[in-house]
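The values are calculated or read from the model by the stated rules, or taken from the named source; none is laboratory data. From a predicted model like this one, the values you see are computed outputs, not experimental measurements. Here the Cβ is made from the backbone with ideal geometry for all residues, glycine too, and neighbour counts use every protein chain on show.
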Amino acid sequence: MHALSGAKAASTPDARAAYARLLNVYAPCPVNLKHFEALVSDVDASVKSAYATSGIGEGDRARVEREMFVRCRVPEELMPVVQRLLTGTVAEMMRSGNAGRVRMHDVRWLGLSDDAGTREWGKRWKVDVIRKVEIREGTRLRRCTRCGSVMEDIGPASGVLMLPWLATGQRSCVCGGSWLVADV
């Protein structure tokens, strides 16, 4: 079930409110959420298939992915997936949606480039690494002791519904590091 249908299917007022907030996060997204969910499923299946075809088992997969993370290079076994993704799947998404919105969408918050606009944006704003939302100034934060990412320190008094995936994010950072409560 995706966020769009989840709001209607939610059985409690708290769950409906959580889905409504989630929908507000996705509303400005330039890609239709259904297309993005299909993309994620396709990439997941393609990666599993590529590993199986090349004879890479679970133990070797961890090594390959660690090396990909450290060296910032896509392994040869995954290149067909990347090529198909960029030349087929993404191109189809662009044709079926609003390509102009995708190309012009502000992605400075991702920190993918080192241009002046991205650096300036990063000085003014912080992004919650778990929820992928801008953090308001004066918000109590947790900072990862390993990678330096931040997230809002969400507790019972915050008024934020503690969904299972958010509770998991409260325990450890996406990199596996521990959180340190810090006012930044």
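Among all residues of segment 11-18, there is at least one that is of a type in the set (A, V, I, L, M, F, W, C), modelled with pLDDT under 80 and over 20 Å from the mean Cα position of the chain (by Cα).
Just so you know, in segment 121-164 the residues that are in a helix (DSSP H, G or I) and exposed (fewer than 12 other Cβ atoms within 10 Å of the Cβ) include one that is modelled with the lowest pLDDT, and it is 157.
Quick one: is residue 118 touching a residue at least 40 places away in the same chain (Cβ under 8 Å) and either under 25 Å from residue 27 (Cβ atoms) or not in a helix (DSSP H, G or I) (or both)? No: the conditions fail for residue 118. Looking at the structure I just gave you, is residue 112 part of a loop (DSSP other than H, G, I, E, B), under 30 Å from residue 19 (Cβ atoms) and at pLDDT below 85? So residue 112 fits the description; yes.
Check whether at least one residue in segment 31-42 is β-branched (Val, Ile, Thr), within 23 Å of residue 132 (Cα to Cα) and surrounded by 15 or more Cβ atoms within 10 Å (Cβ to Cβ), and report yes or no. Yes; the residues of segment 31-42 include at least one that is β-branched (Val, Ile, Thr), within 23 Å of residue 132 (Cα to Cα) and surrounded by 15 or more Cβ atoms within 10 Å (Cβ to Cβ).
Table: residues versus (1) under 21 Å from the mean Cα position of the chain (by Cα); (2) assigned to a helix (DSSP H, G or I).
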position	(1), (2)
49	no, yes
52	no, yes
74	yes, no
90	yes, yes
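Across segment 172-184, the qualifying residues are those that are modelled with pLDDT of 85 or more and outside any loop (DSSP other than H, G, I, E, B), and the one among them that is surrounded by the most Cβ atoms within 10 Å (Cβ to Cβ) is 179.
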